[in-house]
Structures are given as C-alpha cells and as structure tokens.
1. Using only protein heavy atoms and a 1.4 Å probe, report how much of Thr316 is accessible, in Å² to the nearest 10.
2. When the helix-only estimate is applied to the chain (DSSP H runs of n ≥ 4, each -39,500 (n - 2.57), divided by the residue count), what is the mean residue ellipticity at 222 nm, nearest 500 deg cm²/dmol?
3. Length gain on complete extension for the stretch Asn54 to Asn193, per 0.36 nm per residue less the alpha carbon to alpha carbon distance?
4. Using a 1.4 Å probe and counting only protein heavy atoms, arrange Tyr307, Tyr409, Tyr448 so the residue with the most accessible area comes first.
5. Between Arg113 and Leu171, how high is the FRET efficiency from 1/(1 + (r/R0)^6) when r is the Cβ-Cβ distance and R₀ = 45 Å? Nearest 0.05.
6. For the pair Cys136/Lys428, report the inter-label distance in nm, with labels modelled 7 Å from Cα in the Cβ direction.
7. Any idea what the relative contact order of the chain is, in percent, if you count C-alpha pairs under 8 Å spaced at least 6 apart?
8. Which distance in Å, rounded to a whole number, links the C-alpha centroids of region 236-259 and region 262-294?
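The values are calculated or read from the model by the stated rules, or taken from the named source; none is laboratory data. Computed from a predicted model, the values in this text were never measured in an experiment. In this analysis, Cβ positions are derived from the backbone assuming ideal geometry, glycine residues included, and neighbour counts consider all displayed protein chains. Surface areas here come from the heavy atoms of the whole protein model, side chains and all, with no ligands, DNA or RNA. Shrake-Rupley method; radii C 1.70, N 1.55, O 1.52, S 1.80 Å.
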Amino acid sequence: MAAPKAVSSRVRAVRTSKRADKSSPPSAHNFMERLPSEILIKILSYLDASALCNISHVNKLFYQLASDNALWNKIYIAEFGKIKKRKPKCMDELLLKMATVEVQDQTAGYWKRLYFRTGAACDVNKWKRHLGLISCHTGLPCQTERVLRNLHVTWELTVSDKSGHKVTHELSWSRFCETSVTLCWSGGGCLPNYQQISSLHLHGIRRIALSYPGLKKSLMAKLDMQTQTKSAQVIGQDRLVELKLLQPGIIIGVWRDQCSVAFVMFTLHFHRLVERSIQGSFTCPYMEPTLKAPFDDIDPDYGLHGYQLHIALHDTVCKFMSGSFSQLFCRRTQICDGLIQLTAISRADLSQHTPLSGNITLPWRCEALHGAVQNCCIMSLTLLDEFEKPFWCVSSPVSMTLEKTPVSYDYDGEHFLIHYQDSDGQVKMKLVWMKEQKQFFLIGIVVYVTVCKVNKHFSRDY
C-alpha cells in the first residue's frame with residue numbers, strides 16, 4: 001500500500017505545480033516586452049544591419065524597434081556619410097545626437113529604406129566601373145564573369161506542365177567561355193515529359209550579401225512550348241539523347257527510348273548579361289536602352305563598312321577556334337535578298353584558312369550518365385559596328401551538316417557547312433575534314449545581316 005500513496009502524492013504535486021503556472025502572469029514569461037523601449041533600442045544599437053533585419057522577424061514589437069530611425073541613421077552615417085562635426089566619444093552621446101527632431105520627424109523606417117537604396121546604388125556603381133574595361137577584340141566588358149561571380153549571380157529554371165503545375169529547378173552546372181556562358185539543368189526524374197511541358201521561365205538570381213539581405217529575380221526568357229515544339233529542330237543525337245533546338249540558344253535533351261527530358265541547356269551571350277540577370281523584374285525582362293547612332297548623310301555607304309567580327313566555336317569544355325576580323329564591308333551591288341554580306345574568311349583565299357583544334361562535338365552529362373553528340377557545338381558571335389559597339393550578338397548551339405560540293409582541287413576531304421539563322425541575320429561557315437591530318441579546317445565565314453536591321457540602326461533606307 002505504500003507505493004500507491006507515493007504515486008498519489010506525486011500526482012498531487014504535479015497538479016499543484018500546473019495551478020501555480022496558470023496563476024502566474026503571462027508577462028513573466030516575456031520579460032523583454034516589459035522593458036522600456038529606450039532600453040531595447042539601446043540593446044539593438046549594438047547590432048549591425050544584417051542582425052537588425054533578422055531580429056525584425058521575431059514579432060511585431062521587434063519589427064517596429066528594429067526599424068527605428070535613430071538606429072538606421074547611425075548605421076547609414078557610419079557606412080555612407082561623413083560626420084563633419086567632431087565624433088562623440090561614447091555611444092550614448094551618439095544616440096542622443098541621432099534622436100533629434102530632424103531624424104524622428106521622418107516616417108517610420110525612412111532611414112532603413114534609405115540605407116538599402118543607397119547601398120544598392122553604390123553596388124551598382126561598383127560593378128558598372130568593373131564593366132567599364134572593354135576588350136578591343138570583342139567590344140564586350142572584360143570582367144563580365146568576375147562581376148557575375150562577385151554579385152553572387154546564378155540562374156534558375158521554372159518548368160510548367162499542361163496541368164498548371166510549376167517546379168523551379170536550381171542550376172546543375174555552368175561553364176563560362178570568352179563571350180558566353182552555358183547553363184544546364186539535369187532532369188533527374190523531376191522534369192515532366194517533353195510533350196507535357198507548357199512553358200519555360202529563365203530567371204537570373206542574385207543572392208544579395210548579408211549586409212543587404214534579400215533575393216533578386218530577373219526574368220530573362222519566357223518560352224511558350226506550344227509554339228516552340230512546332231518549330232523545334234533536331235540538331236543532333238547520340239545513342240542516348242536527341243537534341244532539340246527550340247530557339248537560338250536553347251536546346252532540350254530528350255531520352256531517345258522515351259519522351260522524358262534528360263536536360264535543358266541555355267547559352268547566354270555576355271552582351272549586357274549582368275544587366276539582364278539582375279535588373280529585370282520577376283515578370284518583365286530588362287529593357288536595353290535604345291541608343292540612336294549618329295546620322296551621316298555625307299557617306300553614301302554609311303552602315304555598309306567598318307564592321308568587326310569576333311567569333312568562336314566551342315563546346316561545354318574546350319574551344320575549337322576563336323578569331324577576330326576587322327574592316328568588314330559590303331558594297332551596294334552585293335546587297336541581295338534583303339541581306340548585307342560581310343565576308344570574314346574567303347573560300348578563295350587560302351591564306352585565311354585556319355585549322356580547328358579537336359573534333360566538333362557537344363558533350364553533355366546528366367546525373368550518372370554522360371555522352372557527346374557528334375557534329376554539334378556552340379557558336380558565339382559578336383558583330384561590332386564602325387563605332388566598335390555590339391551590333392549583333394549570338395550564342396547558340398549549331399550543327400554541322402555534310403555538304404555536297406563539286407570536286408575541290410585545294411582540299412581532298414569531306415566538306416561541311418554550319419548554317420545559323422535568326423530574324424537579324426545568318427552565318428555560314430564552311431569546313432573541310434582532312435583525313436591525313438585528322439583535323440578540320442575552316443575555309444569560309446560569311447555573315448549576312450538583314451537590311452532592316454541596318455536601316456533601323458543607321459537611319460538608312462537601303
């Protein structure tokens with residue numbers, strides 16, 4: 001009988017403890033809220049901007065206190081301002097100076113918002129200065145890759161299926177070339193069936209540093225798959241995947257034994273890539289400013305000469321060729337079918353012909369599988385006008401096809417053609433495979449620009 005009495009006494013003790021807890025005032029459990037706001041602000045004054053932002057998520061009280069103008073005015077001046085008067089020796093004196101009528105008269109959170117706006121503006125000026133160094137060969141900023149990495153920029157892909165389900169995928173891998181970057185998202189069983197995809201959204205993502213916490217998304221591409229699948233072009237395949245080119249710069253790898261997606265690959269040209277990646281909104285892409293070229297009514301061939309071309313053929317690992325060609329021109333008599341012809345490498349000039357390093361392939365990898373599609377690669381093209389400004393920029397996967405040509409007395413080998421085309425122009429590259437050297441030779445590059453694009457840019461009427 002002794003054991004039951006001991007248990008009963010313990011039960012009564014627990015019940016008595018619970019009644020005591022219920023009788024205690026709730027404020028005893030939240031002693032921070034009982035402190036005067038002046039004491040709490042004094043405590044918060046020792047925190048930096050990042051810590052203040054974090055603590056503002058605790059509750060409504062701390063949100064109001066962490067937005068206090070006096071706190072943020074002090075932080076703002078410490079980082080961006082120069083106090084002309086003698087700096088106070090102690091924190092109390094500084095807080096007293098901040099708690100003036102001028103500071104407190106501003107709306108709640110004014111100095112907090114001003115701090116982040118000023119920080120963002122300083123950040124923009126900083127990366128714009130880095131982008132000010134322009135390569136004389138490409139006409140593009142030399143530090144594009146460095147700026148993207150310093151700004152913690154990445155990219156994400158949102159895939160929607162026909163049922164309305166959306167899934168956002170983080171980047172699987174990326175590869176930078178001299179004028180472009182290749183992005184890839186592997187399927188891994190998460191991507192829907194190719195026929196079930198309704199849209200693709202590419203966003204540039206900037207993970208802002210701790211001093212300015214936040215996440216910035218910029219829409220870079222939006223594809224309606226209902227229209228894209230009709231015009232999709234198969235540019236190559238191996239024993240595992242088939243590459244479908246949706247539009248310039250975008251390919252989808254589809255497993256050959258089924259319709260599921262192995263990977264989605266984007267190639268992005270460096271031209272204004274930083275701005276496009278961070279300065280658009282979640283729903284609207286960055287709008288490139290329209291710069292009107294100066295009008296010249298003296299030169300009868302204005303807009304037909306002074307071009308400079310930089311072009312590279314590469315894959316996701318290495319580069320096959322890279323070359324710059326200056327003083328490209330087109331005579332009026334050469335304008336044909338609404339196209340202006342610019343010849344960089346002439347088929348007839350053997351001294352211009354150049355060898356390529358390696359075979360033309362496009363490697364891919366997805367989870368544990370990998371492969372390489374023959375006769376496919378990535379072409380990155382930058383055409384500059386006579387003011388050495390980017391005029392036409394392209395980065396896109398291309399395919400090489402066997403060309404039936406007459407007997408060649410210069411080269412004893414198979415001839416191939418790389419043909420790229422979009423709304424602004426075309427590119428034709430001729431190659432020949434030399435069996436003895438086991439090497440490709442590039443024997444012709446001709447760029448065709450639409451007359452409409454030239455007329456719009458140079459205010460002409462060809």
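1. 10
2. -7500 deg cm²/dmol
3. Result: 45.9 nm gained on full extension.
4. So the residues, ranked largest to smallest area, are Tyr409, Tyr448, Tyr307.
5. Plugging the Cβ-Cβ distance into 1/(1 + (r/R0)^6) gives 0.90.
6. In this crude spin-label approximation the distance works out to 3.4 nm.
7. 10
8. 25
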